[in-house]
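Only one structure is covered here, and it is reproduced in the block below.
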Amino acid sequence: MYEFIKYDTQEGVTTITLNRPEVYNALNDEITYELQDALKKAAKEDETRVVVFTGEGKAFCSGQDLKAAVGDQKRSFSASLEKRYNPLISLMRNLPKPIICRLNGVAAGAGCSLALASDILVMAEETFLVEVFVNIGLVMDSGSSYFLPRLVGSSKAFELATMGGRVYGKEAVELGIANKSTPMAELDDAVKVYTDYYKNAPTKAIGLMKKMLNKSGNSDLKAMLEYEKYCQEIAGTSHDYKEGVDAFLEKRKAKFIGR
Amino acid sequence: MYEFIKYDTQEGVTTITLNRPEVYNALNDEITYELQDALKKAAKEDETRVVVFTGEGKAFCSGQDLKAAVGDQKRSFSASLEKRYNPLISLMRNLPKPIICRLNGVAAGAGCSLALASDILVMAEETFLVEVFVNIGLVMDSGSSYFLPRLVGSSKAFELATMGGRVYGKEAVELGIANKSTPMAELDDAVKVYTDYYKNAPTKAIGLMKKMLNKSGNSDLKAMLEYEKYCQEIAGTSHDYKEGVDAFLEKRKAKFIGR
Amino acid sequence: MYEFIKYDTQEGVTTITLNRPEVYNALNDEITYELQDALKKAAKEDETRVVVFTGEGKAFCSGQDLKAAVGDQKRSFSASLEKRYNPLISLMRNLPKPIICRLNGVAAGAGCSLALASDILVMAEETFLVEVFVNIGLVMDSGSSYFLPRLVGSSKAFELATMGGRVYGKEAVELGIANKSTPMAELDDAVKVYTDYYKNAPTKAIGLMKKMLNKSGNSDLKAMLEYEKYCQEIAGTSHDYKEGVDAFLEKRKAKFIGR
């Protein structure tokens, strides 16, 4: 179905794998459109309760495919961001399901932005994130200028963006970028802790909380109190809320269906 | 005067104690209205220079009283947040005096939000905060969606909100949620360091800085520079500013009266 | 040329030194106007690729010159902030070049704000930052109410602002305020790592990223994605982008000229 990515759903967990290992999963035009399509699919399909985003081979994603870009004389950054990267980041943030980034290898440039745009970041401690844009005289894009200061504070964000330093797994956890760092050999076990939880979680409420945190990034307390009220009213009509309260009163484990 | 809380003022320090220890200080309708009233009282009374917020018994606050809520067939989340929780959080944030949360035990759900809405959080290291909403299919409320990302960053906020993990005292300090963690046996000593300071501090300036930080959460630099100007002009006409400068020039300790 | 500061440019690095060591570089009217002028000069001059901001003698900057202010009966905080401090902070944040604060000694009050307004903060570990305003009944100003919560989170910001605690170098790095802490004897070496990098970096892209991070502090994701697009289009027409891509394809080190 897809040429440059793999898409696979097993027991509520949809794994989207960047699959151009021969170029460290660099992003050409086609792969970004395939990713957009895959995210729309994951949004629609009820059996998807959580998405795992990862890379085939040694890298997670080396960012924009520079060689592909260089050939194109009429290449416009504006058009590329407008059609390819910005919709991709928006789809990730608007997907009402958790996205776990399984960082199996380097995440550079736009690849770094994809990692930051995920909800949960699980990193192999041997690998790193790098805002590599500055190395070729560009600015960070694909949402990094929004995500980075909200993760590490304004000062560290300036340093990482303008010096292009590498952030390995352990430092990423200390800085608040990554949720978990683990030796590569244990990466799948670490990811499984999250997928096992999220595939059985009240997905509806989680999707609403993702929207709330999106909105919180640029709202005042009054607006958030209003929005919490709006979202709680929705969550409170869900099957999973009824089940949650029943289970609490009956002192048993809740069985959530995600709606 | 109150049925479900205790309210006591000693030497400038007003202690508000949630007092339903038999249900881990769960929040029924009455207790939230009493809390609202107590905060209005603390705002008005000049002898109150700092508020300590704590719980009777083993818990700080277990959140909404679920058993009380379940009995009410017509229960509306929207009405409950609008009348009970949102005004309570607004009163806390608008109180022009510091609120120290003395976290003597678990703070769950709306109880966690009350801890986060405080200005200074002092935790017994044996106890924890938990955004327990997700466990019954609900979204975080009472301001948690506003406070949490501003304390721990967007990524950790998502994890804590959607996985409902426990944050014990030491981790809370590392994450920037709590100001201090201490063994339970030393909790009162730790709180006293803060109350001794704040009851003798220039309360007027502190109240203004609390307003400034409230506003900073959703303002740009230009707006904050303007607002600093406005607030400094007010602080500069206070008794405590005159006293502060006099004490500085006379090389003695200032004696602030809070106005 | 200047009476109270030193201004010196060597190989792309402009060093601006507060030069009133006899009063710990306290800020009188004249020195703030000289600083404003120096920043305008640094903005205009192409040979300046990076600015180092430091203090002569034992202190970095002890803040407002209280003794100078006390003599002036008609002193207005509002006028002082409007004419002196707020334009200074705005000039620092709008300078499209990195500002490295070489913190050689105490930074108090408005001096602390100057350190926080810098892009990169390198601290001698023996020295400290302190929001000393509260000690004389004033509120933090000169941008501290904007910068502090974006660096350390809302809770620690309240504590530091209202208690006036000292933050030494190592703690400043842990809190995310400072980028680097080092023994005083190695301060120049530590600063040199940054200046060596920035004087040879793609300054145009870095200036754009500084603007992006300024804007990110109060923008939503959608606005930042649009702004990234706008800035990338500008960076993509620079000499340094062309050089960066050429160097990448030719597998050599890029030689950036800052435009």
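The values are calculated or read from the model by the stated rules, or taken from the named source; none is laboratory data. Since we're looking at a predicted model, the values are computed, not measured. Virtual Cβ from ideal backbone geometry, glycine too; neighbours counted across all protein chains shown.
One table, with the values for the structure above:
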item	result
Criterion violated by C:VAL191 - all others in (1) more than 7 Å from chain A (Cβ to nearest Cβ); (2) in contact with a helix residue (DSSP H, G or I) (Cβ under 9 Å, 6 or more places away or on another chain); (3) in a helix (DSSP H, G or I) satisfied	(2)
The listed residue being within 22 Å of the chain's Cα centre (by Cα), in a helix (DSSP H, G or I) and over 18 Å from A:LYS156 (Cβ atoms), out of C:GLY244, C:GLY207	C:GLY207
Test: residue in region A:135-157 that is away from chain C (no Cβ under 14 Å) and either under 14 Å from the mean Cα position of the chain (by Cα) or hydroxyl-bearing (Ser, Thr, Tyr) (or both)	no
Matching option when the condition is closer than 19 Å to C:ALA235 by Cα, part of a helix (DSSP H, G or I) and small (Gly, Ala, Ser), among A:SER155, A:SER145	A:SER145
Single residue of region A:142-195 satisfying the filter (closer than 18 Å to C:ILE206 by Cβ and small (Gly, Ala, Ser)) that is surrounded by the most Cβ atoms within 10 Å (Cβ to Cβ)	A:SER144
Any hit, region B:199-213, residues being within 14 Å of chain A (Cβ to nearest Cβ) and surrounded by fewer than 20 Cβ atoms within 10 Å (Cβ to Cβ)	yes
Residue satisfying all of: in region A:113-140; touching a Cys at 6+ places or on another chain (Cβ under 8 Å) and of a type outside the set (A, V, I, L, M); surrounded by the most Cβ atoms within 10 Å (Cβ to Cβ) among these	A:GLU131
Residue list for region B:242-259, filter: at the interface with chain C (Cβ under 7 Å from one of its Cβ atoms) and buried (at least 20 other Cβ atoms within 10 Å of the Cβ)	B:GLY244, B:PHE256
Candidates B:SER181, B:SER219 - the one that is at pLDDT 95 or above and either closer than 14 Å to C:VAL139 by Cα or in the same structural domain as B:PHE128 (by TED's automatic domain parsing) (or both)	B:SER181
Complete set of residues in region B:232-241 that are surrounded by fewer than 23 Cβ atoms within 10 Å (Cβ to Cβ), touching a Lys or Arg at 6+ places or on another chain (Cβ under 7 Å) and at the interface with another protein chain (Cβ under 7 Å from one of its Cβ atoms)	B:SER238
Boolean, A:GLY165 is facing another protein chain (nearest Cβ under 9 Å) and without any contact (Cβ under 8 Å) to a residue 40 or more places away in the chain	no
Residue tally, condition touching a residue at least 24 places away in the same chain (Cβ under 8 Å) and not in a helix (DSSP H, G or I), over region C:210-224	1
Count of region C:73-121 residues which are among the charged types (D, E, K, R), under 24 Å from C:VAL193 (Cα atoms) and within 10 Å of another protein chain (Cβ to nearest Cβ)	2
Test: residue in region B:226-239 that is modelled with pLDDT of 95 or more, among the β-branched types (Val, Ile, Thr) and in the same structural domain as B:PRO149 (by TED's automatic domain parsing)	no
Helices (runs of 4 or more DSSP H) wholly inside region A:1-107 containing at least 2 residues that are crowded, with 17+ Cβ neighbours inside 10 Å, touching a Gly at 6+ places or on another chain (Cβ under 9 Å) and touching a residue at least 24 places away in the same chain (Cβ under 8 Å)	A:86-94
Neighbours by Cβ (under 6 Å, 6+ apart or cross-chain): first from region B:114-125, assigned to a loop (DSSP other than H, G, I, E, B); second among the polar types (S, T, N, Q) and modelled with pLDDT of 95 or more	B:GLU125/B:SER181
Filtered residues of region A:214-231 (kept if within 7 Å of chain B (Cβ to nearest Cβ) and over 19 Å from A:ARG93 (Cα atoms))	A:ASP220, A:LEU221, A:LEU225, A:LYS229
